[in-house]
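*Asks:* To start, I am sharing the structure in question, which I have written as structure tokens.
The values are calculated or read from the model by the stated rules, or taken from the named source; none is laboratory data. Computed from a predicted structure; not experimentally measured. Positions of Cβ are generated from backbone atoms using ideal geometry, with glycine treated the same way; all protein chains shown enter the neighbour counts. Note: areas computed on protein heavy atoms with side chains; ligands, DNA, RNA excluded. Shrake-Rupley method; radii C 1.70, N 1.55, O 1.52, S 1.80 Å.
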Amino acid sequence: SQQGEEDPQALSIQEGENATMNCSYKTSINNLQWYRQNSGRGLVHLILIRSNEREKHSGRLRVTLDTSKKSSSLLITASRAADTASYFCATVLSGGYNKLIFGAGTRLAVHP
Amino acid sequence: GAVVSQHPSWVICKSGTSVKIECRSLDFQATTMFWYRQFPKQSLMLMATSNEGSKATYEQGVEKDKFLINHASLTLSTLTVTSAHPEDSSFYICSAASGLMNTEAFFGQGTRLTVV
């Protein structure tokens, strides 16, 4: 079963605006990862945040993690049309479970 | 990042036939490979996890006799969809990792399977 839920399911914004996507999960994790998928393609890794970290940055991306609320957010600042894609959070469960479980994903559309 | 090559990118087959999908990690040794299935506009559902040289671990509800996984080396895993039926039509994605506790997984480009 899916570990995480994401909201919103779909997000439509204009270029230059910020996009925020949220992810919730159910059980304890070792780390949480964000991936991007262009339509009908494979996934590209964006950021990995460990359970003892609260925030990470990478370029225009900012990820936060709140383990007490079992939630994470991905912020894309100054969005571009090329950011249009589906974004997924994925969790690696704690306890030595060597697998990556994906959330439902957010479909982001950035309009020029 | 590391490169994972998945072939074929698309395949059409007749009902009742078997289809093999290959997943290769080109520039690193993957201790673990994962196979996912994705329906249109949905998320990735983990089907099975395979470690080199050992039997794959299948997720609940995935038929191991239907979806045969072989992880013969640290750089190659194969998924064979046996006796395919139209309901097996889907997007199959493999990924490879050398340890998820500290690093990300790398994904193939996926295989679009259509069973007619």
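*Asks:* Consider residue B:17 carefully, then state whether it is assigned to a strand (DSSP E or B) and out of contact with any His (no Cβ under 7 Å at 6 or more places or on another chain).
*Replies:* It is false that residue B:17 is assigned to a strand (DSSP E or B) and out of contact with any His (no Cβ under 7 Å at 6 or more places or on another chain).
*Asks:* Inside the stretch B:39-48, can you point out the residues that are among the hydrophobic types (A, V, I, L, M, F, W, C) and surrounded by 15 or more Cβ atoms within 10 Å (Cβ to Cβ)?
*Replies:* Hits for the stretch B:39-48 are B:44, B:45, B:46, B:47, B:48.
*Asks:* Sticking with this one: Take the stretch A:59-85 and flag every residue that is within 14 Å of chain B (Cβ to nearest Cβ) and out of contact with any Phe, Trp or Tyr (no Cβ under 9 Å at 6 or more places or on another chain).
*Replies:* A:85 - this is the single residue of the stretch A:59-85 that is within 14 Å of chain B (Cβ to nearest Cβ) and out of contact with any Phe, Trp or Tyr (no Cβ under 9 Å at 6 or more places or on another chain).
*Asks:* Also: Within the stretch B:79-106, can you find the residues that are under 28 Å from residue B:15 (Cα atoms) and either among the aliphatic types (A, V, I, L, M) or in contact (Cβ under 8 Å) with a residue 60 or more places away in the chain (or both)?
*Replies:* B:79, B:80, B:81, B:82, B:83, B:84, B:85, B:86, B:92, B:93, B:94, B:95
Matching residues to (1) farther than 18 Å from residue A:90 by Cβ; (2) open to solvent by 30 Å² or more (accessible area, probe 1.4 Å):
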position: B:3; (1), (2): yes, yes
position: B:8; (1), (2): yes, yes
position: B:37; (1), (2): no, yes
position: B:54; (1), (2): yes, yes
position: B:59; (1), (2): no, yes
position: B:78; (1), (2): yes, no
position: B:91; (1), (2): no, no
position: B:97; (1), (2): no, no
position: B:114; (1), (2): yes, yes
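*Asks:* For residue A:45, state whether it is modelled with pLDDT of 95 or more and not hydroxyl-bearing (Ser, Thr, Tyr).
*Replies:* For residue A:45, the condition - modelled with pLDDT of 95 or more and not hydroxyl-bearing (Ser, Thr, Tyr) - is not met.
*Asks:* Inside chain A, counting only strands (runs of 3 or more DSSP E) that do not spill past its ends, which hold 2 or more residues that are open to solvent by 60 Å² or more (accessible area, probe 1.4 Å)?
*Replies:* A:4-7, A:10-14, A:43-50, A:55-58, A:106-111
*Asks:* Looking only at residues that are closer than 17 Å to residue B:102 by Cβ and open to solvent by 10 Å² or more (accessible area, probe 1.4 Å) in the stretch B:10-30, which one is nearest to the other protein chains (Cβ to nearest Cβ)?
*Replies:* Only one residue fits best here, namely B:28.
*Asks:* Would you check if there is a residue in the stretch A:36-58 being of a type in the set (Ser, Thr, Tyr), within 12 Å of chain B (Cβ to nearest Cβ) and within 10 Å of the chain's Cα centre (by Cα)?
*Replies:* No, the conditions are met nowhere in the stretch A:36-58.
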